[in-house]
Amino acid sequence: KFVLLSALLYAPGTILYFWARRERGKPIFNTTVDWLIFAAAAIGCVAALIGLISGYITI
């Protein structure tokens with residue numbers, strides 16, 4: 001429960017990170033491992049949203 005909720009909190013920070021990297025003209029992620037970590041966090045975020053909407057996870 002708490003791991004999924006923390007993944008949900010990473011979403012706004014990731015959006016700001018994308019924005020800042022794009023403004024500086026740098027690549028968003030440098031390695032494949034960075035992309036895998038992002039994918040895991042994104043999947044966790046979606047799972048947390050589904051859990052909150054369906055009522056499976058409560059705050």
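The values are calculated or read from the model by the stated rules, or taken from the named source; none is laboratory data. Predicted, not measured: the structure shown is a model, and the values here were computed from it. Positions of Cβ are generated from backbone atoms using ideal geometry, with glycine treated the same way; all protein chains shown enter the neighbour counts. Surface areas here come from the heavy atoms of the whole protein model, side chains and all, with no ligands, DNA or RNA. Shrake-Rupley method; radii C 1.70, N 1.55, O 1.52, S 1.80 Å.
Within region 1-45, being farther than 22 Å from ILE57 by Cα, polar (S, T, N, Q) and part of a helix (DSSP H, G or I) holds for THR14, THR32.
The rows are residues; the columns are (1) aliphatic (A, V, I, L, M); (2) in contact with a helix residue (DSSP H, G or I) (Cβ under 7 Å, 6 or more places away or on another chain); (3) modelled with pLDDT of 90 or more.
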site	(1), (2), (3)
LEU8	yes, yes, no
ALA47	yes, yes, yes
GLY51	no, yes, yes
ILE57	yes, yes, no
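Would you point out the residue of region 21-59, among those that are in contact (Cβ under 8 Å) with a residue 40 or more places away in the chain and more than 17 Å from the chain's Cα centre (by Cα), that is most open to solvent (accessible area, probe 1.4 Å)? Looking at residues that are in contact (Cβ under 8 Å) with a residue 40 or more places away in the chain and more than 17 Å from the chain's Cα centre (by Cα), I get ILE59.
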